[in-house]
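Everything below concerns the one structure shown next.
The values are calculated or read from the model by the stated rules, or taken from the named source; none is laboratory data. What you see is a predicted model; the values in this text were computed from it and never measured. Ideal geometry is used to build each Cβ from the backbone, glycine not excepted, and the neighbour counts take in all protein chains shown.
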Amino acid sequence: MFDVQPVAIIGVMIPIVAMITGLIIVLFAMNKAHRTRELEHKERIYAMEQGYPLPMKSPQRKSQYPFAWPFIMMGAGLGLILIYVFADADVEAIGFGLILLFIGIGLFLSRFVGVRKNAENDDDDVKEIVPIGRESSSRRDPSSSKMDETKKEE
């Protein structure tokens, strides 16, 4: 009844399996992120209940090779452009090559903009965390003391 070649079945199954695998990976990553977030929340709640200073968030790791992806994208784009030039490939090769090339250039330039912004804002991120109800009067800001005085007058 159905005259299907085994090669055709494999050709259909490859994208299906790839999509299911990708979906499973995304679901596991989302589950891990949710559990991590939930544990951080419980830790903060416990610290507040006990009166301890809130734990600081762990700093994000900086990549050892910050320019890896921009160079990979630019290399793939240049490779597709060279395939079009030397191997007489279809016009689509130069289109995809230019897209990858410009994505790589954008990533490369964004690394410099991001470094400059992070260097300027490093001093603004340093703040001291004091447990609730245990702050000293020297650490209060002046606006809160004015509110306390107005409440006493009423």
Is it the case that the range 46-69 has a residue that's closer than 30 Å to residue 110 by Cβ, part of a helix (DSSP H, G or I) and of a type in the set (Asp, Glu)? no
Kindly indicate whether any position in the range 46-60 is under 19 Å from the mean Cα position of the chain (by Cα) and modelled with pLDDT of 85 or more. no
With respect to residue 19, determine if the residue is loosely packed, with under 10 Cβ neighbours inside 10 Å, over 29 Å from residue 109 (Cβ atoms), under 27 Å from the mean Cα position of the chain (by Cα) and not basic (Lys, Arg). no
Can we say residue 111 is of a type in the set (D, E, K, R) and touching a Phe, Trp or Tyr at 6+ places or on another chain (Cβ under 7 Å)? yes
